[in-house]
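S.K.: Sharing a structure, written as structure tokens. Questions coming.
The values are calculated or read from the model by the stated rules, or taken from the named source; none is laboratory data. Please read these numbers as outputs of a predicted model, since none were measured by experiment. Glycine also receives a Cβ, built like all others from the backbone with ideal geometry; neighbour counts cover every protein chain displayed. These accessible areas exclude ligands, DNA and RNA; they are computed on the full protein's heavy atoms, side chains included. Shrake-Rupley method; radii C 1.70, N 1.55, O 1.52, S 1.80 Å.
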Amino acid sequence: NTIMCLNNYMKSFTRIKKINGQEYLYEITPYYDKEKKQIRQKSKYLGKNVEGVPVRVRSQEKVPKKVLSHGEFVPLKKIIEDLELEKTLSEVLPAKKVWPVLTLAMNYAIRPRGLTHIQSWYEGIALHEEHPDLPLSSQSLSRMLSHIGESTANLEFSRKLIQRISTCSTLVYDITSMSSYSQNISLLEFGYNRDGLDLPQINLSLIVDKDLGIPVMYDLYPGSIADVSPLKNTIQKIKSQGVRNYTLLMDRGFFSTDNIDEMVSAGLSFIIPPTSTLKKVKEAISSIHSRIDDPENLKLYEKEPLFVMPIKIEVGVNKLDGYAYYDQKREQMERNTFYKRLYDLMEVLKAKNLKPWMNPSEIFREIAKRDAGFIDWRAVNGKFEVSLRKNAISQAINKMGKFILLYQGTFSWDECLALYRSKDVVEKGFDVLKNDIEIMPSHLKTNSSLKGYLFVAFLALILRMKLSRMMSDAGLNKRYSVDGLLTELEKIKAMILPDGEKIVTEITKKQREILDALQLCA
């Protein structure tokens, strides 16, 4: 009897929908969704309701009034809903700016366009039907970005986002440079350029919640500021956001006696590799060289052998705990790369023709760069005569495969290593900002417009990194890049019929697999 009732319940039936005063008939077919474990319905258009009989509309009425881009926005709108971004933005921005900002962020997350093209792009997407009157002219957007840049919206947004969703157990902190030809942005200054460009720059710091895989905070600094300088301000800002009991993961660019003092004094939990310039670090590396590969230090990490020793290193007035690691597989790879690079460099130098007007020292430094210390040279008859410096090479080889992580807190050797290796999440964030979101477009003219643009880019980065994490959790990252997945979903269109009915185009098997894997409905 139960089976018969269920079969009867799952039978198709006809439903009347009234649209703009006209009745239309649809065939409704129930089906059981195994993923969501619930009964859902499919709808098939039959025609106009003429005395209970479906009558197909005339041929000219079958032509859609509009065909709009739809599929690529499905995952982004779900992320906005899940992370409560609309709600959070509405608490820090005027209501009329919330959807223009979100719309701009979705554009930058999918395929960035100049401000002059946003209005035309928006008129061709399904989101326009939900929010038809957004002020998206280039003048309106420029004013909006400047107003945001003049406000503290970024800090207020981060505080509320962190309170609402962040785990804050492990925060990854790093800084990157962004270069520009602009002459009007005073934040642009010459400094150490991580991309090797001879241009003024600004420095952008980013804090990523490792567990969520999304950025939760960022800050701007003038381009001449070194990595080690902003950390004190960052710690104060993290504290002001209400974050407590977190572990900070940093690269060796932040290692300095002052920074260590600052973090120890603040009672922070952190993991950081030391630079080899400090005398105590050099002594520690030398002391472990002969003992690290003792069989008693052998561990297994991710099914690979690894030698590990606990160590202590004095950094100023602080004595930090740490672990020394020796990876023989990594050592061999580093040796091979190093020797090949030296061989290629020697060949380039020997083949170089030196003109009488050339300065050999400058030419050598320009070619050898970071490997100049491994090569002896002299200029003879317009050519370089070169040889390798054995002692310098030997010292470099001795360090290969070995590295140290210092920490404050309570970490086992494998916890320390796993956490530190997870910091590549922020590197991926910088890569997305520079290569996918176009972090420094040419139209920016003032500090305030730059700051407003970076706020929108920050939101776009949240969308892309969250989508990337969703793809990874669903196993889709093995078949698609973020751009590849969005491109596939772009093929799903929304058709607006003359009667105002919205119909989504047929979904292919490949698109269905993506939507099901991400637990999305088109």
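S.K.: How large is the charge dipole for the chain, taken about the Cα centre, if only the Cβ atoms of Lys, Arg (+1) and Asp, Glu (-1) carry charge, to the nearest 20 debye?
M.R.: Dipole of the chain, to the nearest 20 debye: 940 debye.
S.K.: Compute, for the range 281-355, the length of the dipole vector about the Cα centre, with Cβ point charges of +1 (Lys, Arg) and -1 (Asp, Glu) only. Units Debye, rounded to 20.
M.R.: That gives a dipole near 520 debye.
S.K.: In what sequence, largest accessible area first, do 289, 117, 128 appear using a 1.4 Å probe?
M.R.: 117, 289, 128
S.K.: Here is a follow-up. Taking the chain on its own, what percent of its Cα-Cα pair distances exceed 30 Å?
M.R.: Details: 85406 of 135981 pairs.
Here the long-distance tail beyond 30 Å is 63 percent of all Cα pairs in the chain.
S.K.: Principal axes first, then extents: for the Cα atoms of the range 324-378, list largest minus smallest coordinate on each axis, whole Å, largest first.
M.R.: Computed over the Cα atoms, the extents are 49, 21, 14 Å.
S.K.: Another question, then. Using only Cα atoms, tell me the angle between helix 153-165 and the longest principal axis of the chain; keep it within 0 to 90° and round to the nearest 10.
M.R.: The answer is roughly 80 degrees.
S.K.: Now, a different point. Where the accessible area of the range 314-398 is counted over protein heavy atoms with a 1.4 Å probe, how much of it, in %, is carbon and sulfur?
M.R.: With neighbouring chains kept in place, the figure for the range 314-398 is 48 percent.
S.K.: Taking only Cα atoms, what is the 0 to 90° angle, nearest 10, from helix 231-240's long axis to the longest principal axis of the chain?
M.R.: 40
S.K.: Students often get this wrong: which residues of the range 241-277 have the backbone nitrogen under 14 Å from the point 7 angstrom along Cα-to-C-beta of residue 395?
M.R.: 276-277
S.K.: Can you give me the convex hull volume of the Cα atoms of the range 382-522, divided per residue and expressed in Å³?
M.R.: 337
S.K.: If you don't mind, there's one more thing I want to ask. Any chance you could give the angle, 0 to 90 degrees and rounded to 10, that helix 328-351 forms with the longest Cα principal axis of the chain?
M.R.: It is inclined by approximately 70 degrees.
S.K.: With unit charges on the beta carbons (Lys and Arg positive, Asp and Glu negative) and the dipole taken about the Cα centre of the chain, which residue among 120, 260, 418 sits farthest to the positive side?
M.R.: The residue sitting most towards the positive pole is 120.
S.K.: Under 5 Å between amide H atoms, partner at least 5 residues away or on a different chain: which partners does residue 389 have, H built in plane at 1.01 Å?
M.R.: Hits under the 5 Å cutoff: 375, 376.
S.K.: According to the square roots a ≥ b ≥ c of the eigenvalues of the Cα gyration tensor, what is the shape class of the range 446-522, taking rounded for a/c under 1.5, prolate for a/b larger than b/c otherwise, and oblate for the remainder?
M.R.: Oblate is the answer for the range 446-522, as a/c is 1.5 or above yet b/c matches or exceeds a/b.
S.K.: Going by accessible area, probe 1.4 Å, with all protein chains left in place, what is the ranking of 116, 170, 505, largest first?
M.R.: Largest accessible area first, the residues go 116, 505, 170.
S.K.: Using a 1.4 angstrom probe on the protein heavy atoms only, line up 271, 311 by accessible area, largest first.
M.R.: Most to least solvent-accessible, the answer reads 311, 271.
S.K.: Another question, then. Number of Lys-Lys pairs in the range 200-331 under 14 Å by Cα, sequence gap 8 or more or different chains?
M.R.: For the range 200-331, the number of qualifying lysine pairs is 7.
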